[in-house]
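Have a look at the structure below, then the notes.
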Amino acid sequence: AGISVDATDLFMQADVKLLIATVILILVLLIVIYRSPILAITPIIVVGIAYGAISPLLGWFAENGWINKDAQAASIMTVLLFGAGTDYCLFLITRYRDKLLEVENKYLALSLAMKESGGAILMSALTVFIGLATLGLADFGAFERFAVPFSFAIFIMGIAALTVLPAILALMGRAAFFPFVPRTEEMERKRAEKKNKPYKEPKPKHPIMSKIGTFVTNKPWLVIIVTLVVLGGLALTSTQIKYNYDLLSSFPEDMPSREGFDIIAENFTPGELAPVKILVDTKGEEINLTSQIESLSYIDLVNEPVTSEKDSNIQYYEADLNVNPYSNEAMDLIPTLKEDMKTMLTDAGVENADESYWIGGETSSQVDKKTVQERDESIIQPVMVVIIALLLLVYLRSIAATIYLVGTVLISFFAALGLGWLVLTNFFGAESIASALPLYSFVFLIALGEDYNIFMISEVWNNRKTQSIKEAVKNGVTQTGSVITSAGLILAGTFAVLATLPIQLLVQFGVITALGVLIDTFIVRPLLVPAITVVLGRYAFWPGKLFKKED
């Protein structure tokens, strides 16, 4: 009860802090990146409207018994909503700004921007929505309870990005970008003439991304080899990760329940906090296993058995382990205890000894938790990959592109795990990470990683109709690089906010997911994916329509 109360208090405190910190961070990043106060506020308004609809609707779902309330889900949903929602807004805003440089009529510019980016935004939101919904396949309650809040939030946010945002942009027009208002060349000439000032030629757009696009298309094999070596090395590091199933380790050291455990461990035995509970069916045999259980090397103390009032054959023992009952070491002892109990009952003459005892308690529960989580991972991860692959196949109509786009986000995920492990152990002093993190991180990084894939590849796909392979890829990187970088920084920043909370589970999740987003933003999307596309050449989108042939 003490542990549960502390957990509830921590998450209640975290929600408000998380919301405030996330909004402030997004505002600061948007102002720094776009240098426009109005533009910085616009995505926050759109996400805020979506949040205002999502939160009470989820509460209504819970009141009707359709979903279960979950404090962790609420906290992470806030980060997801503001991070991913701002990304969707930026994709449209950036395209709108580009069109305002070409078209004088703001409504026509917005219409063209919607036409060119709306499909990618819709597909991105659909990918994340379905990807997160796969958590509903879980048997483990904490996984299953995340499915509806996460996927529903993205669904509503996708609708808001394609309806509320265009309406706001249509009302504000060019004023949204003040003081750096985008104008056509003709508009700038007239403005210069009106002010009796010489007309200045506009600076090239996205010069840094243009250089990156040129480098990648000229030396694709070098880019592929270097990035795969780096990502592969980090991915191999992920095999060294140690996991824990201990809720207490997620708490700050000064939390009452954790302090209480430390006092018990120091003054009594570690196992006193969570004794192993053993039920025995004697099948009519007169036995007492107290001394035999106590003689086991990993047991400190055993209480005399209590006999059930309803069935005199049922005996109940409580045994204290001589190690932390929440540790992996204790979990490894449960299978040994089962074998020892079977031997004791067999020696005592109890028939069907392996069906005549049950082991419960926190340690045994953690063993079951591990089993259920591994089952969920084995189902959800491949199902999610297949679903996203099918969505990409339908959208791109290319088997080749589907394979390498899915492959890049998979290696990106494992690299994020490896890098996250290095950061958490070296800078946060972690000795292990929460067992739930691989699945949480997988679902988020695979879905969100494909977001950026879709946006970049959609641009290449449009370019290929009139441009050669290298030109299409180079221009795709140039045209989408800045917005993807901005979106990635904002999304990574919002997840990094979790690292400021006192709950280790959220700290670890925030660090790994933020690093994964940065890997996607700065390595996979601008370098690896374009390089693979160039190497595959006209067959990058096989068997769909091929690129125009090189001159």
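For the chain, with all protein chains in place and a probe radius of 1.4 Å, 60% of the accessible heavy-atom surface sits on carbon or sulfur. Specify whether the C-alpha gyration tensor of the range 1-80 places it in the rounded, prolate or oblate class, a ≥ b ≥ c being the square roots of the eigenvalues: rounded for a/c under 1.5, otherwise prolate if a/b is larger than b/c and oblate if not. Cα axes put the range 1-80 in the oblate bin.
Of the chymotrypsin sites (Phe, Trp or Tyr not before Pro) in the range 1-104, the ones in a loop by DSSP (not H, G, I, E or B) with at most 14 other beta carbons within 10 Å are 66. Legend: residues 241, 523, sorted from most to least accessible area (1.4 Å probe; ligands, DNA and RNA excluded), read 523, 241.
Within the range 228-336, the percentage of alpha carbon pairs spaced more than 18 angstrom apart rounds to 62%.
The alpha carbon gyration tensor of the range 322-380 gives principal lengths a ≥ b ≥ c with a/c of 1.5 or higher and a/b no greater than b/c, which makes the shape oblate. From helices alone, the chain scores -23500 deg cm²/dmol at 222 nm; the rule is -39500 (n - 2.57) for each run of n ≥ 4 DSSP H residues, then divide by the residue total. Shape class of the range 354-455 from the Cα gyration tensor (axes a ≥ b ≥ c, square roots of the eigenvalues): oblate, since a/c reaches 1.5 or more and a/b does not exceed b/c.
Note that the chain presents 45 Å² accessible area per residue, ligands and nucleic acids not counted, probe 1.4 Å.
So, counting K/R as plus one and D/E as minus one, what does the shell of residues with Cβ under 13 Å around residue 219 add up to? Around residue 219, the surrounding residues sum to +3.
Across every pair of non-identical alpha carbons in the range 20-139, the mean reciprocal distance, once inverted, gives a Kirkwood radius of 16.3 Å.
Where both bridge residues fall in the chain, DSSP classifies roughly 90% of the beta bridges as antiparallel.
Sparse packing (at most 13 other Cβ atoms within 10 Å of the Cβ) combined with a DSSP loop state is found for the following trypsin sites (Lys or Arg not before Pro) in the range 107-195: 195. Taking the convex hull of the alpha carbon positions in the chain and averaging its projected area over all directions gives 30.7 nm².
Counting only residues at least eight positions apart within a chain, or on another chain, the aspartates and glutamates with an alpha carbon under 18 Å from that of residue 310 are 281, 285, 286. Membrane-span-like helices in the chain, defined here as complete DSSP H runs extending at least 24 Å along the helix axis by their C-alpha atoms with mean Kyte-Doolittle hydropathy no lower than 0.0, are 2-34, 37-63, 71-100, 106-133, 141-172, 220-237, 362-396, 399-427, 437-463, 469-496; this is a sequence and geometry rule, not a statement about a membrane. Shown here for the range 167-262: chymotrypsin sites (Phe, Trp or Tyr not before Pro) in loop regions (DSSP other than H, G, I, E, B) with at most 14 other Cβ atoms within 10 Å, namely 180, 199.
The values are calculated or read from the model by the stated rules, or taken from the named source; none is laboratory data. If you're wondering where the values come from, they're calculated on a predicted model, not measured in any experiment. Reconstructed Cβ throughout: ideal geometry from the backbone, glycine too, with neighbour counts over all protein chains shown. Please note that ligands, DNA and RNA were not included when accessible areas were found on the heavy atoms of the full protein model with its side chains. Shrake-Rupley method; radii C 1.70, N 1.55, O 1.52, S 1.80 Å.
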